[in-house]
Every structure is written in structure tokens, then in C-alpha cells.
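The next block holds one structure in the form of C-alpha cells; read it before the comments.
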Amino acid sequence: MARSRRSKLVTLAKTDSKTREVKERVFDSVRESLDTYKYCWVLKLDDVRTPVLQEIRSQWVGSRLIMGKRKVFIKALGDTRENEYKENLFRLSAKIDGVVGLLFTNEDVSVVKDYFTAYERNDYSRAGSRAPMDFTIPEGIIYSRGGQIPMEDDVPMVHSLEPTMRNKFEIPTKIVKGKITLEQPYKVCSKGEKLDVRKSLILKQFGIAESKFKIKSQYYYDIEKSEVNEVNINLEN
């Protein structure tokens, strides 16, 4: 039988009042949801962007996605048999690593699994990720998409960006007749190479969003059965 630890006092880390208030709100929300829904899923959300979270929340009306600090989640769930909120929740705590969200839902496991297996969005590459493509800026006038589309469908990059291109991005540009230009092609990256901050920002500047973002989820807690289960979800990006 599932055990409830509602009356047990749990002390959160010492913080300023505003931060503590946020932590307590997340803590209470997690425990309230554990008493309300059938399932608790751990979603891996490294490098997640706000629009993705907004989209998930809008598509999972009736469920609850809670974002918070890893340590607060572990406190709310409990990390040992002695302090777990419900039976075997300490096993779920052990799966919380990195940036995660907790999805509380009454939807069947197959529905959740199918949704996150299929969920994929184009995203801008982050520093430390692999370049999604070869990218070289052609010589001559620099266009906003950097040669990815025909010039007649593009527009020249605004001249006010020239200092950014030259100083921040270290691209040897100059102004010629009011246009940002290159005297020779400039190779930014090769497909598969590890991107640094500068190169990832260049790709974003030219609107290259070819990286694939997927939400990873492998574990869920069945609240009625007090079981932690692993599911086989395609985790390839």
C-alpha cells in the first residue's frame, strides 16, 4: 500500500525569502500532484526553450508540467525509503539528473510514450553541440540568410550589423557602397564539428535552425501501484 508523508516536515536549504517562496511553491505543487494524478513522468529538458514548454503545456491540458530545481524535486519526492513521500518514490528520485521537468498526468502510458517519441522540433544549435551542416558565407554582399536561398529571395544584411560581424563574430567584413561585404568566402563550420559559442551565434544570426530537439523520457512512477517503470523511447536527436 502506498504511504503518504504529508505530515512530515521537510527543511529546504537556507535562501532569501523570495527564492525560498519559489522552492516551497514547487515543493507543494509536486506533493499535491502526487495526490491527484495517476502517473509522474521524468522529462529530460536540457537546453529546452520557453516556446517548447509553452507548447507542451497547451497540448497537455488536464495534466501538469512542473519545472524546478533538481534538489527541490528530490526533496519533494524523497531520496530514501525513510523520507520518500510515497512508497518507492526514492527510486524515481534516483533518475532525476540535469535539467528535468515532472509531468503529472492521468493519460495512459502508451499515449505519453507515443507523444514524446514523435515530438521533434527544429532548434538553433547551442555551444558544445555538433554543427548540423556545412556552412560557408559566400564572397560579395552578405545576405541575411548567407547564401542558403537565392539572392532574389533574400535581402542584404543591414549595414548596422557590420561591427557585430567583424568584431564579435570575427568575420573579415567591410562596408562597400553601404553594403556589408566579404572579399572571399568565409567558412563557418563543417557538419559534425563541435561548435563553440561564436560559431553557434553565427548560425543563429543567419537563421540556421537545423538541429533537432527531442524531449527525452525513460521513467515514470505509477502512483496507484507505487512502481517506477522504464519505457523504451527513441532517444536519438
Report summary line: Any aspartates and glutamates whose Cα falls less than 17 Å from that of K75, other than same-chain ones fewer than 8 residues away, would be E21, E24, D28, E32, D35, E84, E87, D97
Report summary line: Taking the chain, the equivalent ellipsoid from its C-alpha gyration tensor has semi-axes in Å, biggest first, of 47, 19, 14
Query - Amide proton proximity set for S211, modelled H, under 5 Å, gap of 5+ - result: D123, S125
Query raised in the report: Along region 108-116, what does the Karplus equation 6.51 cos²θ - 1.76 cosθ + 1.60 (θ = phi - 60°) give for ³J(HN,Hα), rounded to whole Hz, x for Gly and Pro?
Result: 4, 4, 4, 5, 5, 4, 5, 5, 7
Query raised in the report: So, with a 1.4 angstrom probe, what is the percent of accessible area on the chain that is carbon and sulfur?
Result: 48
Query raised in the report: Cross-link partners among lysines for K212, C-alpha distance below 30 Å, same-chain residues fewer than 8 apart left out?
Result: K44, K69, K71, K95, K113, K168, K187, K191, K194, K199, K204
**Report entry** Charge tally in the Cβ shell below 12 Å around T181, where Lys, Arg are +1 and Asp, Glu are -1, T181 excluded
**Finding:** +1
Report summary line: The answer for C189, listing residues at least 5 apart or on another chain whose modeled amide H is closer than 5 Å to its amide H, is F135
Query - Cβ charges +1 (Lys, Arg) and -1 (Asp, Glu), total dipole of the chain, debye - result: 900
Report summary line: The local net charge around I141, scoring Lys/Arg +1 and Asp/Glu -1 for residues other than I141 whose Cβ lies under 11 Å from its Cβ, equals 0
Query raised in the report: Per residue, what volume in Å³ does the convex hull of the Cα atoms of region 84-195 enclose?
Result: 194
Report summary line: Which residues qualify? For Y143, with a placed amide H closer than 5 Å and at least 5 residues away or on another chain, they are M157
Query raised in the report: Tell me, what ³J(HN,Hα) does each residue in region 47-55 have, in order and in whole Hz, if you take phi through Karplus 6.51 cos²θ - 1.76 cosθ + 1.60 with θ = phi - 60° and put x for Gly and Pro?
Result: 6, 6, 9, 3, x, 5, 4, 4, 5
Report summary line: Computed over all unlike Cα pairs, the Kirkwood hydrodynamic radius of region 119-174 in Å stands at 13.3
Requested in this report: Quickly work out the K187-to-S226 label distance, labels modelled 7 Å from Cα along the C-beta direction, and quote it in nm with one decimal.
Outcome: 6.2
Report summary line: Per the charge dipole of the chain (beta-carbon charges, Lys/Arg positive, Asp/Glu negative, Cα centre), the residue among S58, S226, G78 reaching farthest to the positive end is G78
Query raised in the report: Considering only the other residues whose Cβ falls under 12 Å of the Cβ of V100, what net charge follows from Lys and Arg at +1 and Asp and Glu at -1?
Result: +4
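The values are calculated or read from the model by the stated rules, or taken from the named source; none is laboratory data. Computed from a predicted structure; not experimentally measured. Neighbour counts run over all protein chains shown; Cβ positions are idealised from the backbone, glycine included. Calculation scope for accessible area: heavy atoms of the full protein, side chains included, ligands and nucleic acids excluded. Shrake-Rupley method; radii C 1.70, N 1.55, O 1.52, S 1.80 Å.
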